[in-house]
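Inspection log for the structure reproduced underneath, given as structure tokens.
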Amino acid sequence: MSDIKSYTVLSSAVEHLLLEKNSEFITFLQPVSDREQALRWLQHYREQYKDAAHVCWAYIIGNTRQPQTQAFSDDGEPSGTAGKPILHVLTERELGNCLAVVARYFGGIKLGAGGLVRAYSAAVSQAAQQASLQTVSPKVRLQLQLDFALEARVRQLIAQYQAELLTADYQQQVMLQVQLPLEQHDALCLQLQNISAGAIVVKELIPVIPWIITAKIRR
């Protein structure tokens, strides 16, 4: 089964201002669901801050440990001093489905390569500290085909492994549709095999569903 793990996402957008040697670093953390949405928000911020010296950015779509896609840009800053540090903070903070944009207004004092890396990193890190977060846990949806004599025991296992019973259909056999956390999939399937000597037929209907399961938390 997939090894996709739970990860954190923003509950809402965050704005933060960092001042460093007269330069303003205006940071936005924006929750996004896919690359296209990230690019639309990026264009929005570029237009809003078109008078800024630089509008640097990075985004991660999906789990930060196994991202579906990610990208970054220095937008004219020295190579490696802006976009990559921004992406690094998102990865370290495990912020998936997130676009980070930093608009810089130059204050007349050069920061140097090291100073830029520190400033962009600090800007995003401080913004992330203000964020309200949620945990996204993938779920899987299964169809179970079983004999009537096994139904009571299977229902017990469904509850034991934090699964939700979606539908129950009674014909020649019992057909149950359940949805459960992906991390419980292998354990439940093993138990179903054990109690039926492999007679229960398990079919994956929707392999992976990203699902927000927790209340807001703070980091």
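Quick note: the coordinates plus some simple rules give every number you see, no bench work behind them. All values derive from a computational prediction rather than experimental measurement. In this analysis, Cβ positions are derived from the backbone assuming ideal geometry, glycine residues included, and neighbour counts consider all displayed protein chains.
Near GLU24: Cβ cut-off under 13 Å, other residues only, Lys/Arg at +1 and Asp/Glu at -1. The net charge is -1. Calculated FRET efficiency, GLN129 and GLN37, Cβ-Cβ r, R0 25 Å, to nearest 0.05? FRET efficiency, GLN129 to GLN37: 0.55. For the pair SER12 and ALA152 in one chain, pulling the backbone fully straight at 0.36 nm per residue adds 46.1 nm over the alpha carbon distance. Look at TYR49, TYR59 and count the other Cβ atoms within 10 Å of each Cβ; fewest to most, that gives TYR49, TYR59. Nearest 10 degrees is fine. How inclined is helix 35-48 to the longest principal axis of the chain, computing both from alpha carbons? So the inclination is approximately 30 degrees. Expressed as an acute angle from 0 to 90° and rounded to the nearest 10, what is the orientation of the C-alpha long axis of helix 112-129 relative to the principal long axis of the chain? The answer is roughly 40 degrees. Residues of the range 89-123 falling in the label zone of GLN48, defined by backbone nitrogen less than 20 Å from a point 7 Å along Cα to beta-carbon, are 90, 96-106, 120-123. For the range 19-73, the set of trypsin sites (Lys or Arg not before Pro) satisfying both a DSSP loop assignment and a count of at most 10 other C-beta atoms within 10 Å is given as LYS50.
Overall dimensions of the range 7-135, expressed as equivalent-ellipsoid semi-axes from the Cα gyration tensor (√(5λ), whole Å, largest first), are 23, 14, 13. Comparing GLY96, GLY83, GLY114 in a Gaussian network model of the chain, where Cα atoms under 10 Å apart are tied by springs, the biggest mean-square fluctuation is seen for GLY114. Taking 0.36 nm per residue of separation and subtracting the current Cα-Cα distance, fully stretching the chain between ALA113 and THR91 would add 5.8 nm.
The angle separating the long axis of helix 151-160 from the principal Cα axis of greatest extent in the chain is about 20 degrees. In straight-distance terms, cross-link reach from LYS110 covers every one of the aspartates and glutamates whose alpha-carbon lies under 13 Å from its own, apart from those fewer than eight places away in the same chain; here that gives GLU20, GLU24, GLU77. Qualifying trypsin sites (Lys or Arg not before Pro) in the range 99-152, where qualification requires a DSSP coil assignment and no more than 14 other C-beta atoms within 10 Å, comprise LYS110. In whole angstrom, the chain maps to an equivalent ellipsoid with semi-axes of 48, 14, 13, each derived as √(5λ) from the alpha carbon gyration tensor and ordered largest first.
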